[in-house]
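Nothing in this text is a laboratory measurement; each read-out follows from the coordinates by a stated rule. All figures in this text were calculated on a predicted structure; none of them were measured in a lab. Here the Cβ is made from the backbone with ideal geometry for all residues, glycine too, and neighbour counts use every protein chain on show.
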Amino acid sequence: MFDGLLEFFKSIFGDIAAANILALAVYSVVPLIFILVYGLIAILGEMKISAWIQDRLGPMRTGPKGLFQPFADILKLLQKEDTTPTTADRTLYNAAPYIMFVGAYAAFAALPFSAAYIGARINTGIFFVLSIASLVPVSIMMAGWGSNSKYSLMGAMRSVSQLISYEIPAGLALISVVMVAGSMDMQTITHLQSGGIQNWFIFGGPKSLDGFGGTSNLVLMPFLVISFLIYLVASLAETNRVPFDLPEAESELVAGFHTEYSAMKFALFFLAEYANMFAVGAIASVLFLGGWQSPFGDFLGGPVFGFFWFVLKGLFFVFLQICIRWTLPRLRVDQLMYVCWKVLIPFSLFAVLGVGLCVVMLNR
Amino acid sequence: MPEIIDSHKIATRALTKEATFRAEKLEPRRVRTEEMLLNMGPQHPSTHGVLRLEVVLDGELVVDVRPHIGYLHRCFEKHTESMTYPQVMPYVDRTDYLASMSSGHGFALAVERMMGIEVPEKVEYIRVLFLELQRIASHLVAIGAYGLDIGAFTPFLYCFELRERIIEMFERTCGARFLYNYMWVGGLSHDLHPTVPELCREFLKESRKAHKEIVDLLTFNKIFVERTGNVGILPADVAIAGGASGPVLRGSGVKWDLRRDDPYSIYDRFDFDIPVGTGLVGAVGDAWDRNWVRVCEWEESMNIIEQVLDTYPYEDTTNVQAAIPKRIKPPAGEIYSRTETPRGEQGYYVVSRDGINPWRVKQRSPAFCNLSLLPHISRGCLVGDLIAIIGSLDFVLGEVDR
């Protein structure tokens, strides 16, 4: 897609540096536009799905069936006064939302949206996404400390300990797939899963990798399913969603680390949270559910449909997270750590061991 | 009372269980840390009104809690001295605003006892019906809001939807949705609306369904059980010493309900059970038990309502205001009269000096006594537990402050 853009701009401006820069700018702004559009859909989705779960109608007044409610919400946030507490550490306080959003946005750069579009094809793509997501705890700590509010500080401390802990099972769960695929490049991993639903890594991966004509997939599958479920649970914690929403536990800490934020700074936190929700869903779909590959082999395949499948799979995980949020209560701090260190990590280590043994012994 | 002695044994066992539970949590720390004072409320999402808590925290650990009350103090007791008895009724509604019917009935009963008024049977039936509906409405708020405290938003709305049906019956009968001024001295403000028995039967059907749903969805949810079981254990002797009553006392295993132990109105005609906490998921008297007692009482109230509907004198055309005296002026003397409201023993101490105004009124607030136990049961717990304990006590600040 980048080459196409470059050709297009060269045909207008001639072969100059400006064409290159313009093409690069347009190319890199695609994920941003995607995040903004997706943000609107996700906000409306959250409102409508929660209403559906709770026997309500949700917003109905703004536009037909309340479809324009997210626009109204954003306009409201834009008009609000941007306050800073007088005792706040202004530098940290002001920088935090931007760093949070940068972390979320940068993760989108390495997501393969379709065969034709990936922001940056890095040969250690998964590694990049996991590490750039670590900017989130940094910004949350900055927000919590910089706000100089006790609720914010407690929320931030909870959040950082939670995110750092849950990165381990999430990373271990992804390692299982990386071992089978033999690559950390997300585009390569997606390409491997071509040819339909039976080749997705959650079902043991592609037959072509199997020296035994598909039989070793049956051995691999349970381990990969465990990894998938572990990643699903850990990703809920990574995005601070129920039942792991302790950092912003409303009934305990008012609003957690963003208690003191208002207007667009708050909106950035909000947007980053939603972007992260999609990002973890996208990672799960790339590694386990074939990414932009069609579940029907070549039917409805191709770059354009690839984008459709990728977004559909990502949104499915977002839907799942929203449904969980409006169903389950919240865990306590010690139970949160218990789930991570005593349940998820041992199981993910077990899965890694199982996959590793399979890969070595079955000669894949 | 054999029940109390039995439950005391259970509670002692619970205490040792709790001690080991806490010892595991409070292992010696090597790093020196400082305590933090956190001011929770009066504006806070889960202090249920305008309670202010001064919490001393060591990290996430609660070292001490000091509740501060009085933000909703409206001089109710002093006001009554300058009002006639019927004028007091609307004020009484505003003390326990989640169970206005019950508070109103308590005061009306006290004055009726002073004046020796016999209330017509039909009025008693309507009173019991509405008191039990009010108990369900109040418990629905308590159960739903408790889920909210634990982090589950959805059951709250399910509970409120059901509560709306009860409020509709009240509205049809007396025109008010929240503060009814319905129970008058010697009678009622309006006769039962003719559609209410029909609505009530429909409500019971839905209510039984919803009861099962809430039990499945919330009460026995694994996370909910983990969050509330073994949290804020209130031993029976502490509960009795602190003057606790209602579901808080019964949650600790003490079978004490004024509807049975000091019967009033026509409660002796109905067959109902008094649920107590049994430590189903943890120790007796933990937060889960208190909530469980409310969930069970919801069902018991439905049983009472069913019996009321079956035996209600539908043919009786007595005027509900027939027994209301022309002039409400109790003879000189004093009385303490108590009823079982959804929150516990609500008593009225009324002193009359043979005038049309009470000389002195003192309301014994169950929520006040229950709230006073908070510091005793929340030391050494985590911040999340503190919220769980506050929710399980189910107080209404309007009644605490009066």
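Rounded to two decimals, what ratio of Rg to Rh does chain B give with C-alpha atoms and a Kirkwood Rh? Working shown, then result.
Numbers: Rg = 21.5 Å, Rh = 21.8 Å.
Radius of gyration relative to Kirkwood radius: 0.99.
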Express the relative contact order of chain A as a whole percentage, based on alpha carbon pairs under 8 Å and six or more residues apart in sequence. 22 percent
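Only loop residues by DSSP count here, and only those with at most 16 other Cβ atoms within 10 Å; note down the GluC sites (Glu not before Pro) in the stretch B:78-174 that meet that.
Sites meeting the loop and neighbour criteria: B:81, B:118.
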Vicinal HN-Hα couplings computed from phi for the stretch B:343-351 (Karplus, 6.51 cos²θ - 1.76 cosθ + 1.60; Hz; Gly/Pro x): 9, x, 7, 9, x, 10, 9, 10, 10
Projected onto the charge dipole of the stretch A:236-311 (+1 at Lys/Arg Cβ, -1 at Asp/Glu Cβ, origin at the Cα centre), which of A:304, A:274, A:239 gives the Cα projection farthest towards the positive end? A:304
In nm², the average projected area of the convex hull spanned by the Cα atoms of the stretch A:81-361 is 14.7 nm²
Name the residue from B:293, B:116, B:133 whose Cα lies farthest towards the positive end of the charge dipole of chain B, charges +1 on Cβ of Lys and Arg and -1 on Cβ of Asp and Glu. B:116
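For B:359, B:298, A:200, what ranking results if the residue with the fewest other Cβ atoms within 10 Å of its Cβ goes first?
With the sparsest Cβ surroundings first, the list reads B:359, A:200, B:298.
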With the cut-off at 23 Å, tell me which of the pairs A:76/A:265; B:209/B:255; B:122/B:209; B:329/B:362; A:65/B:209; A:342/B:222 have Cα atoms farther apart than that. B:209/B:255; B:122/B:209; A:65/B:209
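I'm checking a number: the convex hull volume of the Cα atoms of the stretch A:211-292, normalised per residue, in Å³. What is it?
On the way: hull volume 7.5 nm³, N = 82.
Convex hull of Cα atoms, per residue: 91 Å³.
Are there DSSP H segments in chain A that both extend 27 Å or more along their axis (alpha-carbon positions) and score a mean Kyte-Doolittle hydropathy of at least 1.0? List them, or say none. Walk me through the numbers before you get to the answer.
Numbers: long enough: A:17-53 (53 Å, 1.89); A:90-109 (30 Å, 0.81); A:150-181 (46 Å, 1.06); A:215-238 (35 Å, 1.77); A:263-288 (38 Å, 1.59); A:302-325 (34 Å, 1.65).
Going by DSSP H runs, the hits are A:17-53, A:150-181, A:215-238, A:263-288, A:302-325.
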Which three extents, in angstrom, do the Cα atoms of the stretch B:186-317 have along their principal axes, listed largest first? 52, 34, 24
Could you give the Stokes-Einstein D for the protein assembly as shown in µm² per second, using the C-alpha Kirkwood radius, 25 °C, 0.890 mPa s? 84 µm²/s
Reference-scaled alpha-carbon Rg (2.2 N^0.38 Å with N residues) for the stretch A:1-146: 1.36
If amide H atoms are modeled at 1.01 Å from N in the peptide plane, then the residues at a separation of 5 or more from residue B:64, or on another chain, having amide H under 5 Å from its own are B:56
Treating the stretch A:272-327 as a set of equal point scatterers at the Cα positions, no solvent, please give the Debye-formula log₁₀ I(q)/I(0) at q = 0.13, 0.19 Å⁻¹. -0.33, -0.63
Can you compute the modelled spin-label distance between residue A:219 and residue B:113, with each label point 7 Å from Cα toward Cβ, in nm? 8.0 nm
For the stretch B:246-341, listing trypsin sites (Lys or Arg not before Pro) in a DSSP loop whose Cβ sees at most 10 other Cβ atoms within 10 Å gives B:326, B:327
Rounding to the nearest 10 and keeping the result within 0 to 90°, find how far the Cα-based axis of helix B:121-150 lies from the longest principal axis of chain B. 20 degrees
Counted neighbours (other Cβ, 10 Å), sorted fewest up, put B:268, B:273, B:385 in the order B:268, B:273, B:385
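When the dipole is taken about the Cα centre of the stretch A:5-91, and only Lys, Arg (+1) and Asp, Glu (-1) are charged at their Cβ, what size is it in debye, to the nearest 20?
On the way: 8 positive and 8 negative charges, 73 e Å.
It works out to roughly 340 debye.
For the stretch B:318-402, what does the convex hull of the Cα positions come to per residue, in cubic angstrom? Before the final figure, lay out each step's value.
Numbers: hull volume 10.8 nm³, N = 85.
It comes to 127 Å³ per residue, whole-number rounded.
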Note on the stretch B:278-389: contact order normalised by length, alpha-carbon pairs under 8 Å, 6 or more apart, percent, works out to 15 percent
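Over all directions, average the projected area of the Cα convex hull of the stretch A:237-333 and note it in nm².
7.6 nm²
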Go ahead and set up a Gaussian network model of chain B, Cα springs under 10 Å, then flag whichever of B:92, B:65, B:276 fluctuates most. B:65
Sorted by chain and then number, the residues having a modelled amide H within less than 5 Å of the amide H of residue B:36, at least 5 places away or on another chain, are B:57, B:58, B:59
Note on chain B: contact order normalised by length, alpha-carbon pairs under 8 Å, 6 or more apart, percent, works out to 26 percent
Highest GNM mean-square fluctuation, chain A, Cα pairs closer than 10 Å: which of A:23, A:234, A:267? A:23
Select from A:174, A:75, A:229 the residue whose mean-square fluctuation is largest in a Gaussian network model of chain A (Cα-Cα springs shorter than 10 Å). A:75
